[in-house]
Amino acid sequence: MHALLTSKWTKVALFLLCLVPLGALVWRGFHHGLGANPVEFIQLTTGDWTLRFLIFTLCITPFRKLFHLPDLIRFRRMLGLFAFFYVCLHFLTYLGPDQSFDLGAMWKDVYKRPFITVGFLGFVLLLPLALTSTAGWIRRLGGKRWQILHRAVYFAAVAGVIHYYWKVKSDVRMPVFYGVLVAILLLWRLFDWYFKRRGSAGVKLSAQRLPADPAS
Amino acid sequence: MFIRNSPDLTYADVTLKSVYLNRRKFLGTIGIAGAAALGGHRLYEWLASPQTVYAAAKFDNLIKSPFSTTEKENSFEDVTHYNNFYEFGTDKGDPAKNAQKFNTSNWVVSVEGEVAKPRKFTMDEILKLASLEERIYRHRCVEAWSIVVPWIGYSFSNLVKLVEPKPKADFVAFQSYYDPGQMPQARWAGIQFPYVEGLRLDEAMNPLTLLCVGMYGESLPNQDGAPVRMVIPWKYGFKSIKSLVKIKFQSKMPPTTWNLAAYNEYGFYSNVNPNVDHPRWSQAKERRLGEIFKRPTLMFNGYGDQVASMYNGMDLKKYY
């Protein structure tokens, strides 16, 4: 598993896999597969994939710890940047076809409509994270500060879910589904943080409590 | 198959289309089977938009209506694969898939309430009640998209005159067909069924208000509200109730489905109005299907000359 996760080719394969949603959209575009309202189709699809990639990104830390796969860290930046990539496409469908590239009209819309405001907020939160995703920026900011900054992704994910929930007319199944996933991933972090704090206060105690495995 | 004004053909003949449909389905299945053999059935289904071919009864000798717009019609494909018909699912593509087996044979529309002559109409009676016209209307959805559709039908007032409303009848309530057995997806829609709508009597009597039995020269496809629906072109699309089974004349303003779901977002009148936004999005512009950028929305969807006088003195911001 370690060899697989650290292989250069795994990263290349994952990169290509992350491009599949875009590829599918392009393929549909050339095969009359975007439906009667192509702009809306692209907008909804890129919005969906933004949320999915945010969720994938948020899965990395819990999966590393739960499944003892520390090497998964190699993929976190790529997944996060793909979330940013898809949110950029999503935002472009709004700025272009919806607002005719009229920035004045866009600001009014962002100001006036809560569902747009919260979606825009999520997008803006991801901007500095994408910019500071390089090794150089981690060094310049220092690990601790970089980590604090990148916790903004939690708020971006929550903003994305609220954006989706406020957008639908009456069938809330999908936004609720994403909401539950994000909630699980954030709650896991809260518990992890809480038990780590308690754990570090009583290391001895917990070490003593470890059950002896007779088979070993 | 043609429905001329010949009495020997009845609406039951229309249902023969299922034979035709199955043939098409079979041909389609061969193609899909090929893809499945390659182990990519699901992927194929996901990637390729299903191109369903509908066969329906054709109407001819249709009267061209002076109310028709000269704007470019949307394609039949678009109008039959981009539907809001929540009984069959909330995704725009759901009704085309899920309404295929919807049974509309032996359809009866019951007219009741404050009328001198309450009665039930069979589809044959509805088809012969007045001369069928083709009316090419703009259709503006509350979600800020629009289409141009060549509907077939006649002014609803023709039916109203037959049942003779009493003076008390100030409103008309409409009800859609609902059968959870045939519409299992409806339970996820988040709105109440059966779907209900309503009009003021003067709105119902306006010549633009269409009792609609077809489109594009044919009977209505299931996903577009077969076999009979309303079309009220100056109001948002959700007012144009589909698969109509009950019409009730009454003195009280009837409840309407979307108003019950969110009263602050969808009013009883729901006239197309670019100056009154939906609380969550602007109604100033709309995307005509087939276009990329949005175009300005017209007051009363461009039907002001025929309908604006009905709302004289009314604050349309209050009565949205």
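The values are calculated or read from the model by the stated rules, or taken from the named source; none is laboratory data. None of these values were measured; they are calculated from a predicted model. Cβ: placed from backbone, ideal geometry, glycine included. Neighbour counts: every protein chain shown.
Applying the selection to segment B:100-127, what residues are surrounded by 15 or more Cβ atoms within 10 Å (Cβ to Cβ) and over 27 Å from B:Val172 (Cα atoms)?
B:Gln100
B:Ser251: closer than 27 Å to B:Glu114 by Cβ, buried (at least 21 other Cβ atoms within 10 Å of the Cβ) and more than 14 Å from chain A (Cβ to nearest Cβ), yes or no?
Answer is no for this residue.
Within segment B:75-85, how many residues are part of a loop (DSSP other than H, G, I, E, B), more than 18 Å from B:Ile232 (Cβ to Cβ) and polar (S, T, N, Q)?
Here the count works out to 1.
Of everything in segment A:92-104, what is within 9 Å of chain B (Cβ to nearest Cβ) and either over 26 Å from the mean Cα position of the chain (by Cα) or free of Cβ contacts under 8 Å to residues at least 24 places away in the same chain (or both)? Give them in sequence order.
Across segment A:92-104, the qualifying residues are A:Gly96, A:Gln99, A:Ser100.
Could you list, in sequence order, all residues of segment B:50-107 that are out of contact with any helix residue (DSSP H, G or I) (no Cβ under 9 Å at 6 or more places or on another chain), modelled with pLDDT of 95 or more and more than 14 Å from chain A (Cβ to nearest Cβ)?
Residues satisfying the conditions are B:Leu62, B:Ile63, B:Lys64, B:Ser65, B:Pro66, B:Ser68, B:Thr70, B:Glu71, B:Lys72.
For segment B:277-295: of the residues being assigned to a loop (DSSP other than H, G, I, E, B), crowded, with 17+ Cβ neighbours inside 10 Å and out of contact with any strand residue (DSSP E or B) (no Cβ under 7 Å at 6 or more places or on another chain), which is farthest from the other protein chains (Cβ to nearest Cβ)?
Looking at the filtered set, the residue picked out is B:Gln283.
Would you point out which residue out of B:Gly237, B:Gly198 is within 13 Å of chain A (Cβ to nearest Cβ), among the small types (Gly, Ala, Ser) and within 27 Å of B:Leu159 (Cβ to Cβ)?
Sole residue among the options that is within 13 Å of chain A (Cβ to nearest Cβ), among the small types (Gly, Ala, Ser) and within 27 Å of B:Leu159 (Cβ to Cβ): B:Gly237.
For segment A:23-38, how many residues are within 23 Å of the chain's Cα centre (by Cα) and surrounded by 17 or more Cβ atoms within 10 Å (Cβ to Cβ)?
The qualifying residues number 1.
Check every one of the helices (runs of 4 or more DSSP H) wholly within segment A:1-91 and list those with 3 or more residues that are within 14 Å of another protein chain (Cβ to nearest Cβ) and more than 17 Å from A:His150 (Cβ to Cβ).
Because the criterion is at least 3 residues that are within 14 Å of another protein chain (Cβ to nearest Cβ) and more than 17 Å from A:His150 (Cβ to Cβ), the helices (runs of 4 or more DSSP H) in segment A:1-91 that meet it are A:20-30, A:38-66.
Might you check whether a residue that is hydrophobic (A, V, I, L, M, F, W, C) and within 19 Å of B:Phe171 (Cβ to Cβ) occurs anywhere in segment B:214-229?
no
If B:Glu197 satisfies all but one of (1) buried (at least 23 other Cβ atoms within 10 Å of the Cβ); (2) over 23 Å from B:Gly113 (Cα atoms); (3) of a type in the set (Asp, Glu), what's the number of the condition it fails?
(2)
Which one of B:Leu298, B:Leu220 is more than 14 Å from chain A (Cβ to nearest Cβ), out of contact with any helix residue (DSSP H, G or I) (no Cβ under 6 Å at 6 or more places or on another chain) and more than 16 Å from B:Ser146 (Cβ to Cβ)?
B:Leu220
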